[in-house]
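Here the structure is laid out as structure tokens; the discussion comes afterwards.
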Amino acid sequence: MKTLHEATRPAKVTIPVSGMTCAACSSRVQRALSEHPGVNDASVNLMLQNAVIDYDAGVVTPDRLVAAIQETGYGAELPTPGRTAFEEQGAQDRAQSEEFLELRRKTSVSLFLASVGMVLSMPVMGAAAAGEHADRGVAGGDPFMNWVHGVLDPSLTGLIPWLYRIDVRYLGYALLLMTMLAMGWAGRHFYTRAWAAFRHHSADMNTLVATGTGAAFLFSLAATLFPGFFLARGVAPAVYYEAVLFIIALILLGNTMEARAKRQTSTALRKLVDLQPKRARVHRGGEEVEIPVEEVVHEDIVIVRPGERIPVDGEVTQGSSAVDESMVTGESLPVEKSSGDRVIGGTINRTGSFRYRATRLGAESMLAQIVQLMRDAQGSRAPIQNLVDRVTGIFVPAAISISIATFLVWFVVGPEPSLIPAAAAAVAVLIIACPCAMGLAVPTAIMVSTGKGAEAGILMKGGEALQRARDLTTVVLDKTGTVTEGRPAVTDWIAAPANTLPEDRILALAASLEASSEHPLGEAIVRHAESRGLPRFEVEQFQSITGQGAIGMVDGSALLIGNARLLSDHSIGVDALRDAVDDLAGRGRTPVYLAVDGALAAVVGVADPIRPTSRAAIGRLKAMGLQVVMLTGDHRRTAEAVAKEAGIVDLVAEVLPEGKVQEIRRLQSQGRVVAMVGDGINDAPALAQADIGIALGTGTDIAAEAGDVVLMRGDLGGVPNAIHLSRRTLRTMRQNLFWAFVYNAAAIPIAAGVLYPFFGLLLSPILASGAMAFSSVSVVANSLRLRTVRLG
């Protein structure tokens, strides 16, 4: 008996599924998994050929989930344990490559057979046209083939007259053998999968293809073996082998082009996987040795030379360089790295040599996590996919019903002999009704979009986030570390009127004193002095005064650093800098007084500066019609100064993390669709509460975990890019679905012959197969256009 803990234990598994060829297939597996006891959520992806399942381990096991998929008629097996994201992606790439090569081989053979079959069918059609039914114009029921016969026959009669001297019965047998070869080898999977679907009381694209070509083949087989039966009933014993050959060849051609296009949708992911170096140079046993990257262990000292790719994540211990992180973070300029800085495996060392300590390996590495995040996102579903599932669930049975009705109507009221056009129209309906394009409309757009985003340092965690981001009306920004740099810095230096000491001298003394302090304002002064290369002096009699500042003797001078109260307690007036201090406060700067040997020397303005890209990014958000709000726990006066500099009008200041959540809820209660952008632990609750949480990848892991979108670059420029990409992706999805639905809605009535009474037009099954195949290719090609989206 299971315990309560076991019965409520959540788990997740990704199961590879084989044999899915259209939206009806993925919809059936999706429905079976969603209705299975113990399954909390399931996402079946036609493109990736897998099912991502959130389930209750206390109720159902992965083995049972595999069995549930197999019961729908498709192949499934448990994933190989211990595989990294790189290995899984590599296996998927190999499978896609093998699928493409096999389809290309089958397509080449099928097109050759179809071309030869068309030539061989010319004498057969000519004989039928010259026979006793010539007066009825029954050389063939296929209007396309009739047209081809009229065009080719005169030329072929002159070029290969010997072909027309062969008995048409033998030519019919040759066509029969060629068609059996095409159906039994190149198109075999259509029939085996259709049979598997039939055994499980379902129907899919293969059902339509197998039924259409099977009916044409059986009719032709009967006409070949028993021509007298047809002639006795006034029906020409016409054969449709060439139609079957062309239908199989054209559908395979469409599948081949589709497979090629699908490989391109994961190009960005493949590029990321290829970033992983194969070998690393480490320091072991007193010497440098080159080893496979899999053998690098934690705390190994890794050596990197100019131009080399960094093997694993780590922290620089010796040397410095500029590193190109563009493929991982989207940052176009090389980033300076020195002792203590973090480096990312897969990025390129540009200029200098350095050594670093390996910290995160294998699945823990940032590159592996990005690849895994992208794979999860590409395997997820967008809410709009539910519409496709509802339609395709009834589409195939409806298409079969329409085909039967078409046959009956043509057979009863069609022109005599009505059997041939009735069969042709019914087959055309079956072939053209395949819902392949519908199944590709949404997942192809998600795959291309997530790849495009990753190239720009934007990681979307799923199709739902991608779709939801399109509806945003309000963007709420955290201040510290999001709008601003998150590191206080010296912004102003104002010397006292009576001061005679050089600025560098005062700053060197102040930095020496503050080096003994741990106050953030003091750290800003120390960094400022270091950036100017100023010397550091020994400090004596150091004393930190809580809430006021610090005092001490530095290089023979008595130094005071702090607020006005500290100087007042030491009888040092600050009136000489009163106006300057008021100006600093008005601009959100914190004033820090410096006094040397009992005299006021200067005041330093310290502030957390806004990021260089913040103002432009906020301007883009406003131009996109979005309301921008800044949310911070800082004092109002400081927050107002930052908001003014960044170009933000709406501001909420002096709020705790709970208050940020309440503010998000308040906006949502007004009907706003809210995105929260933040980087700190205190932002995590608000990120989770927002409709879309956008976390800066340079922030904390907790914030990144709570976000729906992660920006690898530490600035706001990725926010308008992510929203712009989301809008373009939704537009592409809708275009795909529109054309897929319109294609079927318009093509099925035409294939059924609705135009025949008015214009005499009847769609050939061959042309129907070509149209069906290229509808899928057009959808994938439209999704690939997302790769050209320009992100600022």
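The values are calculated or read from the model by the stated rules, or taken from the named source; none is laboratory data. All of these numbers come straight from a predicted model, not from anything done at the bench. Virtual Cβ from ideal backbone geometry, glycine too; neighbours counted across all protein chains shown. Heads up: the accessible areas ignore ligands, DNA and RNA and are worked out on the full protein's heavy atoms, side chains in. Shrake-Rupley method; radii C 1.70, N 1.55, O 1.52, S 1.80 Å.
Please indicate, with yes or no, whether at least one residue in segment 325-337 is open to solvent by 40 Å² or more (accessible area, probe 1.4 Å), modelled with pLDDT of 85 or more, out of contact with any His (no Cβ under 7 Å at 6 or more places or on another chain) and among the charged types (D, E, K, R). Step through it out loud before you land on a result.
Filtering segment 325-337 down to residues open to solvent by 40 Å² or more (accessible area, probe 1.4 Å) leaves 327, 331-336.
Narrowing further to those that are modelled with pLDDT of 85 or more: none.
No: segment 325-337 contains no residue that is open to solvent by 40 Å² or more (accessible area, probe 1.4 Å), modelled with pLDDT of 85 or more, out of contact with any His (no Cβ under 7 Å at 6 or more places or on another chain) and among the charged types (D, E, K, R).
Pull out all pairs, ordered by first then second residue, where Cβ-Cβ is under 9 Å, the residues are six or more apart or on different chains, the first lies in segment 77-95 and is of a type in the set (A, V, I, L, M, F, W, C), and the second is in a loop (DSSP other than H, G, I, E, B) and modelled with pLDDT under 75.
Ala91/Arg83
Here are the criteria: (1) assigned to a loop (DSSP other than H, G, I, E, B); (2) surrounded by fewer than 21 Cβ atoms within 10 Å (Cβ to Cβ); (3) within 25 Å of the chain's Cα centre (by Cα). Tell me which single one Gly346 does not satisfy.
Failed condition: (2).
Only residues that are outside any helix (DSSP H, G or I), open to solvent by less than 20 Å² (accessible area, probe 1.4 Å) and either among the polar types (S, T, N, Q) or over 19 Å from Tyr241 (Cα atoms) (or both): list them for segment 177-227, please. I'd like the intermediate steps shown before the answer.
As a first pass, look at segment 177-227 and keep what is outside any helix (DSSP H, G or I): 187, 200-204, 226.
Next, only the ones that are open to solvent by less than 20 Å² (accessible area, probe 1.4 Å) stay: 187, 204.
If the condition is that a residue be outside any helix (DSSP H, G or I), open to solvent by less than 20 Å² (accessible area, probe 1.4 Å) and either among the polar types (S, T, N, Q) or over 19 Å from Tyr241 (Cα atoms) (or both), then Asp204 is the only one that fits.
State all residues of segment 370-396 that are touching a residue at least 60 places away in the same chain (Cβ under 8 Å) and open to solvent by 70 Å² or more (accessible area, probe 1.4 Å); if no residue qualifies, say none.
The one that is touching a residue at least 60 places away in the same chain (Cβ under 8 Å) and open to solvent by 70 Å² or more (accessible area, probe 1.4 Å): Leu387.
Looking at Thr359, Thr351, which one is in contact with an Asp or Glu (Cβ under 7 Å, 6 or more places away or on another chain), of a type in the set (Ser, Thr, Tyr) and open to solvent by 40 Å² or more (accessible area, probe 1.4 Å)?
Thr359
Take the conditions in contact with a helix residue (DSSP H, G or I) (Cβ under 9 Å, 6 or more places away or on another chain), modelled with pLDDT of 90 or more, surrounded by fewer than 24 Cβ atoms within 10 Å (Cβ to Cβ) and of a type in the set (S, T, N, Q) and apply them to Gln735. Does it pass? Full working, then the answer.
Values: in contact with a helix residue (DSSP H, G or I) (Cβ under 9 Å, 6 or more places away or on another chain): yes; modelled with pLDDT of 90 or more: yes; surrounded by fewer than 24 Cβ atoms within 10 Å (Cβ to Cβ): yes; of a type in the set (S, T, N, Q): yes.
For Gln735, the condition - in contact with a helix residue (DSSP H, G or I) (Cβ under 9 Å, 6 or more places away or on another chain), modelled with pLDDT of 90 or more, surrounded by fewer than 24 Cβ atoms within 10 Å (Cβ to Cβ) and of a type in the set (S, T, N, Q) - is met.
For segment 564-578, state whether one or more residues are touching a residue at least 24 places away in the same chain (Cβ under 8 Å), open to solvent by less than 10 Å² (accessible area, probe 1.4 Å) and within 18 Å of Pro488 (Cα to Cα).
no
Given the criteria more than 30 Å from Gly671 (Cβ to Cβ) and surrounded by 19 or more Cβ atoms within 10 Å (Cβ to Cβ), does Ala423 qualify? Spell out the reasoning first.
Numbers: more than 30 Å from Gly671 (Cβ to Cβ): yes; surrounded by 19 or more Cβ atoms within 10 Å (Cβ to Cβ): yes.
It is true that Ala423 is more than 30 Å from Gly671 (Cβ to Cβ) and surrounded by 19 or more Cβ atoms within 10 Å (Cβ to Cβ).
Quick one: what pairs do we get from segment 253-282, first residue free of Cβ contacts under 8 Å to residues at least 24 places away in the same chain and at positive phi, second surrounded by 17 or more Cβ atoms within 10 Å (Cβ to Cβ) and among the hydrophobic types (A, V, I, L, M, F, W, C), C-beta under 9 Å, 6+ apart or different chains?
none
What is the one condition in (1) more than 28 Å from Pro657 (Cβ to Cβ); (2) among the hydrophobic types (A, V, I, L, M, F, W, C); (3) in contact (Cβ under 8 Å) with a residue 40 or more places away in the chain that Leu521 does not satisfy?
(1)
Taking the stated definitions as given, is Val316 in contact with a Gly (Cβ under 8 Å, 6 or more places away or on another chain), modelled with pLDDT of 80 or more and either closer than 19 Å to Ala454 by Cα or open to solvent by less than 50 Å² (accessible area, probe 1.4 Å) (or both)?
Values: in contact with a Gly (Cβ under 8 Å, 6 or more places away or on another chain): yes; modelled with pLDDT of 80 or more: yes; either closer than 19 Å to Ala454 by Cα or open to solvent by less than 50 Å² (accessible area, probe 1.4 Å) (or both): yes.
The answer is yes for Val316.
If you check every pair at least six apart or on different chains, which have Cβ atoms under 7 Å apart with a residue in segment 696-718 that is part of a helix (DSSP H, G or I) first and a residue that is modelled with pLDDT under 70 and among the hydrophobic types (A, V, I, L, M, F, W, C) second?
Sorted first by the residue in segment 696-718, then by its partner, the pairs are Ile702/Ile681; Ala703/Ile681.
For segment 434-456, name all the residues that are among the hydrophobic types (A, V, I, L, M, F, W, C) and modelled with pLDDT of 80 or more.
To start, the set of residues in segment 434-456 that are among the hydrophobic types (A, V, I, L, M, F, W, C) comprises 434, 436-438, 440-442, 445-448, 454, 456.
Ala441, Val442, Ala445, Ile446, Met447, Val448, Ala454, Ala456 - these are the residues of segment 434-456 that are among the hydrophobic types (A, V, I, L, M, F, W, C) and modelled with pLDDT of 80 or more.
Considering each of Ala377, Ala368, Ala322 in turn, give the residue that is in a strand (DSSP E or B), aliphatic (A, V, I, L, M) and within 30 Å of the chain's Cα centre (by Cα).
On the way: Ala377 fails: in a strand (DSSP E or B); Ala368 fails: in a strand (DSSP E or B).
Just one listed residue meets the conditions, Ala322.
Quick check: anything in segment 591-610 surrounded by 21 or more Cβ atoms within 10 Å (Cβ to Cβ) and of a type in the set (Phe, Trp, Tyr)?
yes
Taking the criterion of being among the polar types (S, T, N, Q), surrounded by fewer than 23 Cβ atoms within 10 Å (Cβ to Cβ), in contact with a helix residue (DSSP H, G or I) (Cβ under 9 Å, 6 or more places away or on another chain) and modelled with pLDDT under 90, would at least one residue in segment 618-639 satisfy it?
Step one: of segment 618-639, the residues among the polar types (S, T, N, Q) are 627, 632, 638.
With the extra rule that they be surrounded by fewer than 23 Cβ atoms within 10 Å (Cβ to Cβ), the set shrinks to 627, 638.
Cutting the leftovers down to in contact with a helix residue (DSSP H, G or I) (Cβ under 9 Å, 6 or more places away or on another chain) gives us 627, 638.
Now drop any that are not modelled with pLDDT under 90, which leaves 638.
Yes - at least one qualifying residue is present in segment 618-639.
For Met553, work out the one condition from (1) aliphatic (A, V, I, L, M); (2) in a strand (DSSP E or B); (3) over 16 Å from Val596 (Cα atoms) it doesn't fulfil.
Met553 satisfies all of (1) aliphatic (A, V, I, L, M); (2) in a strand (DSSP E or B); (3) over 16 Å from Val596 (Cα atoms) except (3).
For Glu416, which of the numbered conditions (1) acidic (Asp, Glu); (2) closer than 30 Å to Lys452 by Cα; (3) over 29 Å from the mean Cα position of the chain (by Cα) fails to hold?
Unmet for Glu416, out of (1) acidic (Asp, Glu); (2) closer than 30 Å to Lys452 by Cα; (3) over 29 Å from the mean Cα position of the chain (by Cα): (2).
Enumerate the pairs (first residue in segment 613-630 and within 12 Å of Val649 (Cβ to Cβ) and in contact (Cβ under 8 Å) with a residue 60 or more places away in the chain; second residue anywhere and open to solvent by 60 Å² or more (accessible area, probe 1.4 Å) and in a helix (DSSP H, G or I)) with beta-carbon separation below 7 Å, excluding pairs fewer than 6 apart on the same chain, so at least 6 apart or on different chains.
Every condition considered, the pairs that remain are Val628/Lys622.
On the given criteria, is Ala174 in a helix (DSSP H, G or I), open to solvent by 30 Å² or more (accessible area, probe 1.4 Å), small (Gly, Ala, Ser) and closer than 16 Å to Met118 by Cα? Outline the logic, then answer.
Working: in a helix (DSSP H, G or I): yes; open to solvent by 30 Å² or more (accessible area, probe 1.4 Å): yes; small (Gly, Ala, Ser): yes; closer than 16 Å to Met118 by Cα: yes.
It is true that Ala174 is in a helix (DSSP H, G or I), open to solvent by 30 Å² or more (accessible area, probe 1.4 Å), small (Gly, Ala, Ser) and closer than 16 Å to Met118 by Cα.
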